[in-house]
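Student: Starting off with a structure, shown below.
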Amino acid sequence: MLHPSSTYRIQFNKNFTFKNLASIIDYLDELGISTIYASPIFKAMNGSDHGYDVVDPNIINDEIGTLEEFRALTETLKTKGFSWIQDIVPNHMSVFDTNYRLWDVLERGRSSTYGNYFDIDWDHPQLKDRIMLPFLEASLQKCIEEKKVVLRFGGNGFEICYYDHHYPVKADSYDLLLSQCGLEKRAYQKDLQELLANKHADYKSWQKIKKQFIERLSCVKEKIEGGLKQINENSDLLLQLANEQFYKLEWYEESDRIMNFRRFFTISSLICVRIEDEIVFNDYHQLIKQMYDEGLIQGLRIDHIDGLKDPAGYIRQLRNLLGKDCYIIAEKILEIKEQLPESFDLEGTSGYEFLSYINQVLTDMKGSEKLVSFYNQHAPDFQNYYDIVFDRKFSFLEKYMRGEWDNLIRLLLSLNIIEDRSIKEEELHQALGTFMAAFPVYRVYIDQFPVDDISSEMINKAFKDAGNRASQLKPAFHALKKLFDDRDEKQNERLQFIQRLMQFTGPLAAKGVEDTTFYLYNPLISHNEVGDLPCVFGIPVNGFHEKMQQRHRVNPLSLNSTSTHDTKRGEDARVRINVLSELANEWTTLVSHWKQINASFKKRVKEVQAPVFNDEYFLYQSIVGGFPEDLNTSDESKDRLKWFYTKALRESKYFSTPSKPDDDYEKACMAFIDALFDPSHAFLSSIVPFVRKVKLYAEIYSLSQVVIKSTAPGIPDFYQGSELWDLSYVDPDNRRQVNYDLRKALMNELIQNEKRSLEDVLCWSQNKLLVGGQKMFTTRTMLQFRKANNTLFIEGDYIPLEVEEGKRKVIAYARKMDDKWVIVVVPTGLVAAQKTGWEGVNIPMPKDAPKHWRNIFTGELISSNGELKLEKVFNQFPVAVLENYH
């Protein structure tokens, strides 16, 4: 089985293709990377910058390359010893006309070859035998009257068109259309009858017959065009025609109220597939299996596994398809005490939980308490994190997932599994919504009765919280709770409902927490991060050790991620914001000062001064995190900040929302930013010295982060470009093109200095501090060392080491396997950036530890006789990794 020593995440798109990757293979090899960790490479929506909007999973995306180019690329990679982990998207596909499977469904309805492929409720009471397409800017009638929805004829036959979007007209409508276009029925009657007779045929046969018919009609295209002009002038007729199709074109806001297909979260342009169906599974994974069998890929990352009906069952299907030697991880967001289910036959996760662990240990607990106190004083409406989470989840359910909520209630009632018939439907409705909003994790995994202990604990916790928030619904909660009981009655029906319910608690958590609360609860926004918990500020070093020991026992092959395409900010921006907890007094004093001197720049909008303090405080933290490394602002950096801040304001859904932006509030906030960055204003002269100070500590913490994720249990994962400082904001800012010319030039300089002496490369890394040379040196040194000692770091013991009580704070541990030892020591706290002051600070060593060590960064030889003297360890470099030598 593949055991990567490190992974490097590549975001493929039309601007970064297979050829672009080929051009940096030597660079990545010098960096020490062992495995490419690729974003989806399958046929996606045209122009996709991420690849998660797949339209055909069995074709390589031609915007990034061809299958032959991929084969050639992987052959080159193999000569350098690289392996490949491929991100796959089994939960959903794009709703666009290049998705031929879905277009066949739109044309032929539930009788299509792919009528069972997508998660569509064909029996929805308001959309019987039709699929809702909520993409119009207004009602269908209005769009028709304004000539925004029109009928056209082309190579695919008759289509209803809305701007650049084309929707197929079903075969049953052709008789009417031919008549309206003035064509003689007798001339086309036989062809039309054959078309209608085969409308239930397999896809290929249907397409062949339809193509022949359309080619015949193309001979009279001019006459058809004339007829279409008349039809498009007849709004009533066009409306009638549109309403006869197997889809219902609808105003986009209607999807908040009605929905009859499962979406990815609430994105109507992404339709979920029924991957649990064996036919669908086999069709979807054809190319994936081919690539694995050919040795083009060695592992998979499963995107959004929580969306699947039966995640454990899906993993078993993958194992049966690809075998036990395939390295498989999943995107699974684990809450702070949650573990990966034992039923998941996986190597691990994509690493969000590690991000949380390291983020917490690099946060000062006492300083954080001061920040929370300050925040509560100035933003009293946002004090209770858990209340905000519940309110935002319930509000999101009401405003944007009403259709899904109604569908769950309809399913519940249709299965006849509620025993107490005296409970009113509306009471069940409210109780179910309250339970979903109170659910403490993304979901649980129930495929049989009795329910496992961990799932039972989460379910009981949710019902307890829900009951405390809506005690008047106690009978309804009791009735719902009985669905989870271990009894014989209607187990299949209850299991059907529970599994369906769990497919929506995850999206509700993602939208209510990650995409709302994380922009609303702002004491220390570095913890407003996927996998982290914003109301927990710091863990003690021994708590971190406990997490790492558990990780070593349970999932040592999970990724250790610190930046991903989904994180809210780059890893080094996050570290900077964490440092505010070390400088809490100075920071709160400055914020109070800024609040005063910047008050005149606020504008009154709808009874508030914009931005309100909560948004203002979020902005100040974001400025510290994203301030250019050279401390010089530019139009580009300010524009990126504005874009990010606009997104943050909308995601918080407090004044503005993504679907209904509050232009006045947003304009006032953008004007506020302009005023802050006016060189004549006192703000810049106040914040720049502070950011300079923050950088002094943060740069050491960033190196510590690299060292820890490369040596702690797990596989170190590096997001593209993060080998230099990563101060990016949320996507798509973190998907900007990476300057690999700069990185290759720096790598060449690093290697040349390294050849001369370690002293020269240390000097070079310090001189290149502004561009991230020190981080690149640390990363390269760690990854080359990790590659040479990978078995030690995967299988070796994790042994916590503690500094003598009362001395300076460090994070220290040993990795040991047989007679090979590695000692890791990184400083924390305000002393991290100080080279002196380590006299008399020692780490007691295990009795069986070696006595002779080499520092892999500096080459220094250090002796220990029962204790390790940190004045020697940190003599030349701020972080240390020591290996024993004989």
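The values are calculated or read from the model by the stated rules, or taken from the named source; none is laboratory data. Keep in mind that this is a model prediction, so the values were computed, not measured. Here the Cβ is made from the backbone with ideal geometry for all residues, glycine too, and neighbour counts use every protein chain on show. What goes into the accessible areas is simple: the full protein's heavy atoms, side chains included, and nothing from ligands, DNA or RNA. Shrake-Rupley method; radii C 1.70, N 1.55, O 1.52, S 1.80 Å.
Student: Mind checking which residues of segment 549-574 are among the hydrophobic types (A, V, I, L, M, F, W, C), in contact with a Leu (Cβ under 8 Å, 6 or more places away or on another chain) and open to solvent by less than 10 Å² (accessible area, probe 1.4 Å)? I'd like the intermediate steps shown before the answer.
Tutor: Taking segment 549-574 as the starting set, the residues that turn out to be among the hydrophobic types (A, V, I, L, M, F, W, C) are 554, 557, 559, 573.
Next, only the ones that are in contact with a Leu (Cβ under 8 Å, 6 or more places away or on another chain) stay: 554, 573.
Within segment 549-574, just A573 meets the criteria.
Student: Now, a different point. May I ask you to say which residue of G47, G81 is surrounded by fewer than 19 Cβ atoms within 10 Å (Cβ to Cβ), out of contact with any Cys (no Cβ under 6 Å at 6 or more places or on another chain) and within 27 Å of G570 (Cβ to Cβ)? Don't jump to the end; show me each part of the working.
Tutor: On the way: G81 fails: within 27 Å of G570 (Cβ to Cβ).
Every option except G47 fails the conditions.
Student: Could you tell me whether any residue of segment 100-116 is among the polar types (S, T, N, Q) and either touching a Ser or Thr at 6+ places or on another chain (Cβ under 9 Å) or open to solvent by 60 Å² or more (accessible area, probe 1.4 Å) (or both)? Quick ask: steps written out before the conclusion?
Tutor: Of all residues in segment 100-116, those among the polar types (S, T, N, Q) come to 111-113, 116.
Then drop every residue that is not either touching a Ser or Thr at 6+ places or on another chain (Cβ under 9 Å) or open to solvent by 60 Å² or more (accessible area, probe 1.4 Å) (or both), which leaves 113, 116.
Among the residues of segment 100-116, at least one is among the polar types (S, T, N, Q) and either touching a Ser or Thr at 6+ places or on another chain (Cβ under 9 Å) or open to solvent by 60 Å² or more (accessible area, probe 1.4 Å) (or both), which makes the answer yes.
Student: Could you tell me which residue of segment 634-658 is nearest to L769 (Cα to Cα), considering only residues that are in a helix (DSSP H, G or I) and free of Cβ contacts under 8 Å to residues at least 24 places away in the same chain?
Tutor: Quick first cut of segment 634-658, residues in a helix (DSSP H, G or I) only: 635-652.
Within this subset, residues satisfying the condition of being free of Cβ contacts under 8 Å to residues at least 24 places away in the same chain are 635-637, 639, 650.
On the way: D635: 23, E636: 22, S637: 20, D639: 25, R650: 36 Å.
The extreme case among them is S637.
Student: Can you find a residue in segment 495-515 that is surrounded by fewer than 24 Cβ atoms within 10 Å (Cβ to Cβ) and outside any helix (DSSP H, G or I)?
Tutor: Within segment 495-515 (the criterion being surrounded by fewer than 24 Cβ atoms within 10 Å (Cβ to Cβ) and outside any helix (DSSP H, G or I)), the answer is yes, since at least one residue qualifies.
Student: If you take the residues of segment 194-224 that are over 12 Å from G157 (Cα atoms) and among the charged types (D, E, K, R), which of them is least open to solvent (accessible area, probe 1.4 Å)?
Tutor: Checking each candidate, the answer is K199.
Student: On to the next question. Please determine whether any residue of segment 521-539 is farther than 18 Å from L362 by Cβ and either of a type outside the set (S, T, N, Q) or without any contact (Cβ under 8 Å) to a residue 12 or more places away in the chain (or both).
Tutor: So far as segment 521-539 goes, yes, one or more of its residues are farther than 18 Å from L362 by Cβ and either of a type outside the set (S, T, N, Q) or without any contact (Cβ under 8 Å) to a residue 12 or more places away in the chain (or both).
Student: Let me ask you something else. From Q752, Q705, Q720, which residue is polar (S, T, N, Q) and open to solvent by 30 Å² or more (accessible area, probe 1.4 Å)? Even if it seems obvious, please write down each step before you answer.
Tutor: Details: Q705 fails: open to solvent by 30 Å² or more (accessible area, probe 1.4 Å); Q720 fails: open to solvent by 30 Å² or more (accessible area, probe 1.4 Å).
Every option except Q752 fails the conditions.
Student: Among the residues of segment 173-193, write down those that are touching a residue at least 24 places away in the same chain (Cβ under 8 Å) and open to solvent by 70 Å² or more (accessible area, probe 1.4 Å).
Tutor: Q180
Student: I'm trying to understand the selection: among the residues of segment 652-665, which are in contact with a helix residue (DSSP H, G or I) (Cβ under 6 Å, 6 or more places away or on another chain) and crowded, with 19+ Cβ neighbours inside 10 Å?
Tutor: Once the filter is applied, which keeps residues that are in contact with a helix residue (DSSP H, G or I) (Cβ under 6 Å, 6 or more places away or on another chain) and crowded, with 19+ Cβ neighbours inside 10 Å, segment 652-665 yields S652, F655, S656.
Student: For P534, work out the one condition from (1) open to solvent by less than 10 Å² (accessible area, probe 1.4 Å); (2) in contact with a strand residue (DSSP E or B) (Cβ under 7 Å, 6 or more places away or on another chain); (3) closer than 26 Å to K370 by Cβ it doesn't fulfil.
Tutor: Going through the list (1) open to solvent by less than 10 Å² (accessible area, probe 1.4 Å); (2) in contact with a strand residue (DSSP E or B) (Cβ under 7 Å, 6 or more places away or on another chain); (3) closer than 26 Å to K370 by Cβ, P534 breaks only (2).
Student: Give segment 135-162 a look and list any residue that's at pLDDT 95 or above, farther than 14 Å from L241 by Cβ and not in a strand (DSSP E or B), or say none.
Tutor: E137, A138, S139, K142, E145, E146, K147, K148, listed by residue number.
Student: If you don't mind, there's one more thing I want to ask. With the checklist (1) exposed (fewer than 14 other Cβ atoms within 10 Å of the Cβ); (2) under 22 Å from R108 (Cβ atoms) in hand, flag the one item E233 doesn't pass.
Tutor: (2)
Student: So which strands (runs of 3 or more DSSP E) stay within segment 771-886 end to end and still have 3 or more residues that are open to solvent by less than 20 Å² (accessible area, probe 1.4 Å), under 20 Å from T711 (Cβ atoms) and not small (G, A, S)?
Tutor: On the way: elements: 797-801, 810-817, 820-827, 842-844, 852-855, 861-863, 867-869, 880-884.
The strands (runs of 3 or more DSSP E) meeting that bar are 810-817, 820-827, 880-884.
One line per residue, one yes/no per condition, for (1) touching a residue at least 60 places away in the same chain (Cβ under 8 Å); (2) surrounded by fewer than 21 Cβ atoms within 10 Å (Cβ to Cβ):
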{"position": "N384", "(1), (2)": "no, yes"}
{"position": "V389", "(1), (2)": "yes, no"}
{"position": "R392", "(1), (2)": "yes, no"}
{"position": "L397", "(1), (2)": "yes, no"}
{"position": "R402", "(1), (2)": "yes, yes"}
{"position": "I409", "(1), (2)": "no, yes"}
{"position": "S414", "(1), (2)": "no, yes"}
{"position": "E419", "(1), (2)": "yes, yes"}
{"position": "K424", "(1), (2)": "no, yes"}
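So that you can scan it fast, the table gives a plain yes or no per residue for (1) touching a Gly at 6+ places or on another chain (Cβ under 9 Å); (2) under 20 Å from F874 (Cα atoms):
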position	(1), (2)
S686	no, no
I751	no, no
L758	yes, yes
V761	no, yes
G773	no, yes
M776	no, yes
Q784	yes, no
E795	no, no
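Student: Let me ask another. Sort through D381, D420, D486 and tell me the only one that's at pLDDT below 95 and farther than 26 Å from E335 by Cβ.
Tutor: Details: D381 fails: farther than 26 Å from E335 by Cβ; D486 fails: farther than 26 Å from E335 by Cβ.
Among D381, D420, D486, only D420 is at pLDDT below 95 and farther than 26 Å from E335 by Cβ.
Student: As an exercise: evaluate L631 against (1) in a helix (DSSP H, G or I); (2) hydrophobic (A, V, I, L, M, F, W, C); (3) touching a residue at least 40 places away in the same chain (Cβ under 8 Å) and give the number of the one condition it does not meet.
Tutor: Condition not satisfied by L631: (1).
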